[in-house]
């Protein structure tokens, strides 16, 4: 009997969302508890800051340029390599419960396997998962969760925020107390909400296993991704009027706009509502109109959703304990990318490679039976990426990571990271919108600097970039790209980036906007 | 308004290809996700695998020019749509199959581009094993 692997992901969660990483609002005792017994990575980055490319990296262990899912809407081919298949071949029972998003969600012709399975309620899975029960936020799409809602609680369908408007654009309809976009007071009972459903289905799948089975379960929560519409019964948890504004939000308008103006031009264009560079941010919403109250209310909603996630995790861990598996259990917790949540005066995400979106929580609590516990406690400051997860799962299972995986098993501490050369992590962005807008970013993080170069597109001419000193400027408010004194550093980082970045072989067609 | 276009060279005569393209009910044989097609007068109704109907107006069915045009009228969230299929004898071997779409709102272009390209590929393969599928 070997180690069991519980892989927990959230969607669009900031590094500072949890107590273990210094979060002071959302109470996350369950996450904090296994973090205290495990390894926390303080510089973990996704290889792309939107869902489909990032999740494709998680399941393949490959860079975006290799798996080819270069923007949302580009499906991961069904025959792409999968860590779940590797583990299944090694004798593991495998499941993915919650949000997958390897294939487009907007699929009225039901072309994609995961939507087909969700539509008919089949759970046999694919991509190496022998069980899949899928969900996304609310009752939208053809997921197992939306089918469950339609069949059991049809009155709840209209309770969630309606994500798309009549123009099939992501809606900017205001809500809540502050009129913030994508907020709604949701009448859905808590036990019908997708967070608890994911935990319920996970527990159900675990209950069906034999006690001596080895298993890999990816439990994937759709929250705290917008829209922010947690059950209104839970709004009492965090009063937005009592929160402090994020430190990343310069409250003085002139100061805020000066910071944005020192960044590449698409920052200001989006701020003024003149550019839509990511479908998932409401196209009609103008960030310059964002108020301090709206930022506070969005943050409160995210904190509430994170508390619900933590409690759901607690229920699953209790079920695992009851099955007698805790001593053999490895827990890996992370998210696919971050969220502005008010930083610089923005919400949502897009081609903006700052810590709001790029620095994510990542925790690995090795199985106590494998020498975990106090001996494994560490904080790793060296850079790691989500492409390191798949080989880590292989290592846990005692399987040699296949050659097609491009990451490496996560280091257990900084000494291990140094010895194995964890020096840098790269993140990329490529997008082509229906109106022809093209944006391409290539980013390297190393030696406490973040350096982003912009390839020529329809907005940038190839000369723009960003360079931040994370020690002196942790909020990334001072762009050093054009600082003559940093020119040689910038050049060194760009050379290192070019040497270590995997460029896409081809840009396959997007089959949906998301 | 977004414009998308797919095409394929089919190594069959234009007359052969038009037998399928020019019969609006035969879309079920090649278009992904369509399980049923009924035509009444100038109206075509498709039933999708997901159980959703798609209502369309047949704008042009020109057997001489081998052109078929239609509009989606509901219930998909479409503000404007015109789909055009042309089967063209262009002097090269076989014929050219062209599928053009004008559509608003723009996000639907992503969805239709993918499904139409798959459909054109299906149709070309159905007619001939040797096609040059492009978009």
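What percent do you get for the relative contact order of chain A when only Cα pairs under 8 Å and 6+ apart count?
25 percent
If I stretch the segment between residue B:57 and residue B:19 completely, what's the gain in nm (0.36 nm per residue apart, minus their alpha carbon distance), one decimal?
Extending this stretch completely gives an extra 11.7 nm.
Shielding of A:166-172 by partners, i.e. mean partner chain Cβ atoms within 10 Å per residue?
4
By its C-alpha gyration tensor, with a ≥ b ≥ c as the square roots of the eigenvalues, how is segment A:222-284 shaped: rounded for a/c under 1.5, else prolate for a/b larger than b/c, else oblate?
Taking the square roots of the gyration eigenvalues as a ≥ b ≥ c, segment A:222-284 is oblate.
Order of A:203-214, A:343-354 by packing, highest average Cβ count within 10 Å first?
So the order, starting with the most tightly packed, is A:343-354, A:203-214.
Given contacts defined as C-alpha pairs under 8 Å and at least six residues apart, what's the relative contact order of segment A:139-208, whole-number percent?
For segment A:139-208, the relative contact order is 22 percent.
Between segment B:88-102 and segment A:471-490, how many Å separate their Cα centres?
Comparing the Cα centres of segment B:88-102 and segment A:471-490, I get a distance of 55 Å.
Based on the Cα coordinates of segment A:337-495, what is the per residue volume of their convex hull in Å³?
Hull volume over Cα atoms, normalised by residue count, gives 160 Å³.
Pairs of alpha-carbon atoms within less than 8 angstrom and 6+ residues apart define the contacts here; what relative contact order does segment A:303-382 have, in percent?
On the way: 72 pairs, mean separation 23.1, N = 80.
Relative contact order comes out at 29 percent.
When you count, for each residue, the other Cβ atoms within 10 Å and take the mean per peptide, how do A:240-251, A:107-118 rank with the highest first?
Descending packing order for the listed peptides: A:107-118, A:240-251.
Just from its helices, what would the mean residue ellipticity at 222 nm be for chain A, if runs of 4 or more DSSP H residues each count -39500 (n - 2.57) and the sum is divided by every residue, rounded to the nearest 500 deg cm²/dmol?
Value at 222 nm, helices only, nearest 500: -8000 deg cm²/dmol.
In terms of the Cα gyration tensor, with a ≥ b ≥ c the square roots of its eigenvalues, is segment A:1-94 rounded because a/c is under 1.5, prolate because a/b exceeds b/c, or oblate?
Here segment A:1-94 falls in the oblate category.
Gap in Å between the Cα centre of segment A:304-328 and the Cα centre of segment A:19-94?
If we compute the Cα centre of each part, the gap is 19 Å.
Just to confirm my numbers, what's the Cα centroid distance between segment B:1-40 and segment A:496-514 in Å?
Cα centroid to Cα centroid, the span is 33 Å.
If you count, for every residue in B:107-120, the Cβ atoms of partner chains within 10 Å of its Cβ, what is the mean?
So the per-residue partner count for this stretch is 6.
Can you give the angle from 0 to 90° between the axis of helix B:107-127 and the longest principal axis of chain B, with both taken from C-alpha atoms, to the nearest 10?
For helix B:107-127, the angle is close to 40 degrees.
Averaged over its residues, how many other protein chain Cβ atoms are within 10 Å of peptide A:431-440's Cβ atoms?
Mean number of neighbouring Cβ atoms from other chains: 2.
Rounded, prolate or oblate: which one fits chain A, using the alpha carbon gyration tensor with axes a ≥ b ≥ c (rounded when a/c is under 1.5, else prolate when a/b beats b/c, else oblate)?
Rounded shape, in that the Cα axes give a/c under 1.5.
None of the figures in this text is laboratory data; all of them are computed from the coordinates on show. What you are looking at is a predicted structure, and each value in this text was computed from that prediction instead of being measured. No Cβ is skipped: glycine too gets one built from the backbone with ideal geometry, and neighbour counts run over all protein chains shown.
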